[in-house]
Amino acid sequence: MTTFSIAQSLDQALQALADGARPVAGGTDLVVGSRQGKAPLPDTVIAIDRLDELAGISLSDDQLRIGAMVTHAQLMVDPIIAEHFSAIADAAALVGSPSTRNVGTLGGNVMNGSPAMDTGAPLIVLGATAELQTTSGNRQVTMEELWVSPGKTSANADELCVALNMPARPANSGSAYVRLEYRRAMEIAVVGAAASVTLDDGGMVTDARVALTAVAATILAVDLGDALAGKPIDEASLAAVAKIASETATPISDLRATDRYRRHTVGVMARRAVEAAGRRAGGETIAIPVNRTLGIGASQ
């Protein structure tokens, strides 16, 4: 039988983890996984969803901080996220159903470590780090360091993700996340891609990053090399991005798609993500989520 308690403070939660408890917030991964028989519920569970220290979104001169308990529903409409970190809002708006988005948290999503999570690729291209805390201190871990295999992270059992931090965006920057989906409701990505683009005053690319969803054992950062540096976002550069993304992907075949299909379509998604991010970097407004605004993916 599982023992359940509610943390009244962050210190209490951290001590419970040190004593062997597992944290739960929205429960959209832990509880659903148990019901599906993927893993039994832990012997001891402590709820952390009422801790104000883990809530809130703030932007300083040099850093964005998103509390681990911020929900997807909050992320998709928060003005700071929507304006400056749009890829996260794009992704959050596509997660599950309205009920899932209202209780599922960014911290829980990150620590679940699924290579098909929608928020993972945006966090990578935006340079996010997870802030992991214990009773004795904390440390910052990049997303690439955190995710080690499907459903497994490098965090220790007594470490709690308290926030996601990322650098403030430079001028003339934009980001976007798009995914291939067969239907709109309660869907996870067949493949997906996030992009971050920064332009100079002449519209040439000074920085570009791409990350891919559901085509490797973890969310996959793509090395674009010089494919976009110093170039405009045009047909030639977008074709190069698609080619690099497809060649970088290492997908598997399953009931939802073959590896060959995923390899091709993730290139298409990467191209579309870079194009949308570039348009946003150039000052164009593309409503969130990009998938719905530009008609990408399922029609209903």
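Values as computed for the structure displayed
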{"read-out": "Members of the range 237-258 that are under 14 Å from GLY278 (Cα atoms) and not polar (S, T, N, Q)", "value": "LEU238, VAL241"}
{"read-out": "Boolean, SER58 is surrounded by fewer than 16 Cβ atoms within 10 Å (Cβ to Cβ), modelled with pLDDT of 95 or more, outside the structural domain of ASN112 (by TED's automatic domain parsing) and within 29 Å of ILE88 (Cα to Cα)", "value": "no"}
{"read-out": "Verdict on GLY107 being assigned by TED's automatic domain parsing to the domain that holds PHE85, surrounded by fewer than 21 Cβ atoms within 10 Å (Cβ to Cβ), at pLDDT 95 or above and among the small types (Gly, Ala, Ser)", "value": "no"}
{"read-out": "Residues that are surrounded by fewer than 18 Cβ atoms within 10 Å (Cβ to Cβ) and under 15 Å from GLY108 (Cα atoms), drawn from the range 132-155", "value": "PRO150, GLY151, LYS152, SER154"}
{"read-out": "Of the criteria (1) touching a helix residue (DSSP H, G or I) at 6+ places or on another chain (Cβ under 6 Å); (2) surrounded by 20 or more Cβ atoms within 10 Å (Cβ to Cβ); (3) farther than 17 Å from THR119 by Cβ, which one VAL210 fails", "value": "(3)"}
{"read-out": "Residues (of a type in the set (Ser, Thr, Tyr) and at pLDDT below 95) located in the range 1-45", "value": "THR2, THR3, SER5, THR28, SER34, THR44"}
{"read-out": "Filter pass, ASN102 being under 16 Å from ALA214 (Cα atoms), part of a helix (DSSP H, G or I) and at pLDDT below 95", "value": "no"}
{"read-out": "Criterion (in contact with a helix residue (DSSP H, G or I) (Cβ under 7 Å, 6 or more places away or on another chain), within 26 Å of VAL222 (Cβ to Cβ) and among the β-branched types (Val, Ile, Thr)) met by exactly one of VAL141, VAL178", "value": "VAL178"}
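One line per residue, one yes/no per condition, for (1) part of a helix (DSSP H, G or I); (2) under 21 Å from VAL290 (Cβ atoms); (3) of a type outside the set (Asp, Glu):
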position: GLU83; (1), (2), (3): yes, yes, no
position: PRO122; (1), (2), (3): yes, yes, yes
position: GLU144; (1), (2), (3): yes, no, no
position: CYS161; (1), (2), (3): no, no, yes
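The values are calculated or read from the model by the stated rules, or taken from the named source; none is laboratory data. Everything numeric in this text was worked out from a predicted model, so none of it was measured. Quick reminder, even Gly has a Cβ in these numbers, built from the backbone with ideal geometry, and neighbours come from all protein chains shown.
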